[in-house]
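To keep things clear, I will list the structure first and then write my remarks on it.
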Amino acid sequence: MLKVVYVLVSDLKDYFYEQMLISIASLRYRMDSVNIILLTEQVTGQLLKEKKAEVYSLVDRVVIHKVNGAFNMAEKSRILKTKMRNSIEGDFLYIDCDTVVCENLEQITELKCTGAVLDNHQLVNKEIYEFRPVVKRAEIMGYSCGYRDKHFNSGVMWCKDDPVTHQFFDLWNRLWLEGYKKGILYDQLSLNEANNRMGGRLQELNGEWNCQLRYGLPYLAEAKIIHYFASNFSVNSERTFAYLLTDPVYLKAIRKERGIPDIVNKMIEKPRSAFHYAVIVDTGSLNYILMNSNMGALLRFLYRKHKKIFIKTDRILEAIRKAAERCRNVHKEKKSRKADQVD
């Protein structure tokens, strides 16, 4: 029987718990016989008992790993993740909370090595925008971005119960603590440095096992797990989300009903099509180039950190564009009149 592990560290004011419910519901919908284990720490575990007791009927086992020290929630989550191989017996599939399961996952048990999917479904040398901070963090730590340019995403991992994998996780945890001391909390940098030091022990899984929506379109049609990265967004964000299960409206509905509402269940039934009705897929390369340019990075920074300046600048540019259009129209009219006079 497949064993699936989730890690949850939460004060229940955030929406990680609701995201996890979506993932678990989608997994149960597609697999009758699956052993689901929730790995958490003592504070979250106590809150679950007091306020979210229903979770005990959704998972097969709750494992509480005591985390000592003055760590915040994000840091505790990384500690649990990098130490989870020592907390769980047997082979297991680790899945992030901000995911939805689209297919039966039993096939993963046939794999003989611990493995994961490439981050952004691309090699680091592609130099896309998302890899820029990765390169900077690696330079700070003196780490490699990835073994042979392969930088793996830690959101879905097949974890074997063998000596090599135990050694790998021990190294991953030690390297994460090194980064933590220098203010780097991301677990993927240490994951990939561990993989580099051990000569590429991670097996590359097909993108369908962790279809990351931004670059995962080639894998969406056959995706087994969709990773929609809701944990990166504020639940109070006013932005519009292309993927419906990322929308805080549905997370709030789950919290209100203390369960999965019918509208979310319908999305779980057909997760590959749970998009807003109007999503543009740009088949050209110009927008891709602009998005990954330094100018694109500047625009994103302005929008996130100085939204008023962004809006005001955009309106000024709109006025300039309209003025330019009027000038072009006047010029066209003059040329047309001249042509009429010649005739």
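Every read-out reported here was derived from the displayed coordinates using simple, explicitly stated rules and does not represent laboratory data. This one's a predicted model, so the numbers in the text were calculated from it and none came from an experiment. Reconstructed Cβ throughout: ideal geometry from the backbone, glycine too, with neighbour counts over all protein chains shown.
Here the 3J(HN,Hα) profile of segment 3-16, calculated from phi with Karplus coefficients 6.51, -1.76 and 1.60 at θ = phi - 60°, is 10, 10, 10, 10, 10, 10, 10, 7, 9, 6, 8, 7, 10, 5 Hz, Gly and Pro shown as x. GNM on the chain, alpha-carbon springs under 10 angstrom: the most fluctuating residue among Leu27, Leu286, Leu185 is Leu286.
Loop-located trypsin sites (Lys or Arg not before Pro) across segment 71-155 with a Cβ neighbour count of 15 or fewer within 10 Å are Lys112, Arg148, with loop assigned by DSSP. Given +1 at the Cβ of Lys and Arg, -1 at the Cβ of Asp and Glu and no other charges, the dipole of segment 80-123 around its Cα centre is 280 debye to the nearest 20.
Note on the chain: helix-only mean residue ellipticity at 222 nm, from DSSP H runs of 4+ residues weighted -39500 (n - 2.57) and normalised by residue number, equals -14500 deg cm²/dmol. What is the angle, in °, between the Cα long axis of helix 248-257 and the longest principal axis of the Cα atoms in the chain? Nearest 10 is fine, range 0 to 90. Taking the Cα atoms of the chain, the angle to 248-257 is about 40 degrees.
Taking the Cβ of Ala221 as the centre, find all other residues whose Cβ is under 10 Å away and add up their charges (Lys, Arg: +1; Asp, Glu: -1). Taking every Cβ under 10 Å from that of Ala221, the sum is -1. Rounded to the nearest 10 degrees, the inclination of helix 42-51 to the longest alpha-carbon principal axis of the chain is 80 degrees. Of all beta bridges DSSP finds with both residues in the chain, what is the antiparallel percent, to the nearest 5? Approximately 45 percent, going by the DSSP bridge assignments. For segment 1-134, the alpha carbon positions stretch 48, 38, 26 Å along the principal axes, listed from largest to smallest.
The chain gives an Rg/Rh value of 1.07, both radii derived from C-alpha positions and Rh following Kirkwood. Contact order, relative form, for the chain: 17 percent (alpha carbon pairs under 8 Å, 6 or more residues apart, mean separation divided by residue count). Rg then Dmax, both in Å and based on the Cα atoms of segment 146-241: 15.4, 47.
Taking GluC sites (Glu not before Pro) across segment 12-77, the ones in a DSSP loop with at most 13 further Cβ atoms lying within 10 angstrom of their Cβ are Glu54. The charge dipole of the chain, taken about the Cα centre with unit charges on the Cβ atoms of Lys, Arg (+1) and Asp, Glu (-1), comes to about 1660 debye, rounded to the nearest 20. Result for the chain in a Gaussian network model with C-alpha springs under 10 Å: among Thr40, Thr240, Thr99, the largest mean-square fluctuation is at Thr240. Angle of helix 132-141 to the longest C-alpha principal axis of the chain, folded into 0 to 90 degrees and rounded to 10: 50°. Summing +1 for each Lys or Arg and -1 for each Asp or Glu among the other residues whose beta-carbon sits under 11 angstrom from that of Val9 gives -1. Asp161 sits among other residues whose Cβ lies under 9 Å from its own Cβ, and their net charge, with Lys and Arg +1 and Asp and Glu -1, is -1.
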